[in-house]
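The values are calculated or read from the model by the stated rules, or taken from the named source; none is laboratory data. Predicted, not measured: the structure shown is a model, and the values here were computed from it. Note: ideal-geometry Cβ built from the backbone for every residue, glycine included; neighbour counts use all protein chains shown. Heavy atoms of the whole protein, side chains included, go into the accessibility calculation; ligands, DNA and RNA do not. Shrake-Rupley method; radii C 1.70, N 1.55, O 1.52, S 1.80 Å.
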Amino acid sequence: MTAPGTPIAVITGASSGIGAATARQLAAAGYRVVLTARRKDRIEALAAELNDAGHQATAYALDVTDRAAVDEFASAFRGLAVLVNNAGGALGADPVATGDPADWRQMFEVNVIGTLNMTQALLPALTASGDGTVVVLSSTAGHSTYEGGAGYVAAKNGARVLAETLRLEIVGTPVRVIEVAPGMVKTDEFATTRFRGDTDKAAKVYAGVAEPLSADDVADTITWACTRPPHVNIDLLVVRPRAQASNTKVHREL
């Protein structure tokens, strides 16, 4: 996994959505991309697509919440240019009074502990590269709450604070920490997963919004931030569609 001369980027949650789009764009930008996700068939298909296009890609099935598996994965790297902590997601939209603790626990495990596992395990390789970048995909949910979103908001707050604290703790090392916080992004799976396959509920999230963000829009911002000169750190990049002024203020043409 560590061929000399080509910078390596690891992307978690690369089987779909923002993760897959980011893999495509970083590969096009000249990185050797290592695709991780639980769905092996998806990332192997994406790796084949990228290699057929003349890029360099490797698929590695991985659950970011499994620390032993993460440590084994990380042992293959002596140097690493970029880690994109994209694996995450939301479950449910229940109020605090009736929210399922199991949903909260799962969201925290993936969005926060998964990010912690990957960052801790790969930080030595990022540092050894002499020019490492940690990207944390948070959300505008991590910066402002909304009704029915407390569990996801809490998890994304955790990811946001992890990024902020890490940046303070490793200042002076050759590793920068970038937080990208997307607002309304329409992907094939995010809302459908949140509502457990209820496509009607998922569709209502985007109803009347002419142009929500796409996975490619977010991947473009990630790739731009990662390809800035090494001394330039994009601490926080909040990206929303023009129709969304805040988490609760969205222009809809209904």
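Quick notes
- Of all residues in region 157-200, those satisfying the criterion of being part of a helix (DSSP H, G or I), open to solvent by 10 Å² or more (accessible area, probe 1.4 Å) and either in contact (Cβ under 8 Å) with a residue 12 or more places away in the chain or among the hydrophobic types (A, V, I, L, M, F, W, C) (or both) are ASN157, GLY158, ARG160, VAL161, LEU162, GLU164, LEU166, ARG167, LEU168, PHE190, THR193, ARG194.
- Residue match in region 106-115 (condition: surrounded by fewer than 23 Cβ atoms within 10 Å (Cβ to Cβ), out of contact with any Cys (no Cβ under 9 Å at 6 or more places or on another chain), over 29 Å from ARG176 (Cβ atoms) and modelled with pLDDT of 95 or more): yes
- Selection count, region 124-144, where residues are closer than 20 Å to THR165 by Cβ and either open to solvent by 40 Å² or more (accessible area, probe 1.4 Å) or of a type outside the set (A, V, I, L, M) (or both): 10
- Top-ranked residue of region 175-208 - restricted to ones that are in contact with a strand residue (DSSP E or B) (Cβ under 6 Å, 6 or more places away or on another chain) and of a type in the set (Val, Ile, Thr), ranked as farthest from ALA141 (Cα to Cα): VAL175
- Qualifying residue in region 216-226 (condition: free of Cβ contacts under 8 Å to residues at least 24 places away in the same chain, exposed (fewer than 12 other Cβ atoms within 10 Å of the Cβ) and either under 24 Å from SER15 (Cβ atoms) or not β-branched (Val, Ile, Thr) (or both)): no
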